[in-house]
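Asker: Please read through the structure below; I'll follow up with questions.
The values are calculated or read from the model by the stated rules, or taken from the named source; none is laboratory data. Just so we're clear, the structure is a prediction, and the values are computed from it rather than from any experiment. In this analysis, Cβ positions are derived from the backbone assuming ideal geometry, glycine residues included, and neighbour counts consider all displayed protein chains. Surface accessibility is based on the protein's heavy atoms, side chains included, excluding ligands, DNA and RNA. Shrake-Rupley method; radii C 1.70, N 1.55, O 1.52, S 1.80 Å.
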Amino acid sequence: MTVTTKITVRPYECDSYSHVNNAVYLNYLEHARMDFLNKSGFNYKALVEEGYYTYVTHIDIYYKASSFLNDNLTIETYPTQLKHVTGTFHQKITKDDGTICAEADVTWACVQSKDGRPCKIPEKYLVDALKPEA
């Protein structure tokens, strides 16, 4: 399953060079991953209430082109890997003209909230959308 999220660049996201600061792209990716979970039927609130979290453990991001104030951006998010404790999403940020601004592979892990230790993802949260397409 691929989820598409739309964002328009806001003034406070631009740096002194008048383009989106690299760190802001990480916020965009986080927003899009939560959008993916919401649209896929994954109940993140219930996961947390049961004593689990998902932590980002690794991000490989490639910055390819700048984006600027009022640019309309599209973020595509889809899973590429799912294991017992971890998973990976691939995300791509593009402008309306098709220019790719950034691509990232984001690895996450399920952890217990009481001690932060990695744990198996509870079965009831393994929605089909988290499984990579063949």
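Asker: Over the Cα atoms of segment 23-134, what Rg and Dmax result, in angstrom?
Answerer: 14.9, 46
Asker: Summarise the accessible area of the chain (1.4 Å probe, protein heavy atoms) by the percent that is carbon and sulfur.
Answerer: 49
Asker: Quick one: angle between helix 22-40 and the longest Cα principal axis of the chain, in degrees between 0 and 90, rounded to 10, please.
Answerer: 50
Asker: Net charge near V9: determine it from the other residues with C-beta under 10 Å of the C-beta of V9, scoring Lys and Arg +1 and Asp and Glu -1.
Answerer: That sum, taken over residues with Cβ under 10 Å, equals 0.
Asker: A further question follows. Let me know the Rg and Dmax you get for segment 1-79 when you use only its Cα atoms, in Å.
Answerer: Reported Rg and Dmax, both Å: 14.5, 44.
Asker: Further, regarding this structure: Keeping every protein chain present and rolling a 1.4 Å probe, give me the accessible area per residue for the chain in Å².
Answerer: 56
Asker: If you take the Cα Rg of segment 70-115 and divide it by 2.2 N^0.38 Å, with N the number of residues, what do you get?
Answerer: Relative to the 2.2 N^0.38 Å estimate, segment 70-115 comes out at 1.53.
Asker: Tell me, rounded to the nearest percent, the portion of alpha carbon pairs in segment 7-46 spaced more than 11 Å apart.
Answerer: 68
Asker: Rounded to the nearest 500 deg cm²/dmol, what is the calculated helix-only ellipticity per residue at 222 nm for the chain, with -39500 (n - 2.57) per DSSP H run of length n ≥ 4?
Answerer: Estimated from H runs of four or more residues: -6000 deg cm²/dmol.
Asker: Kindly report, to the nearest 10 Å², the accessible surface of T54 as traced by a 1.4 Å probe over protein heavy atoms only.
Answerer: Looks like 40 Å² after rounding.
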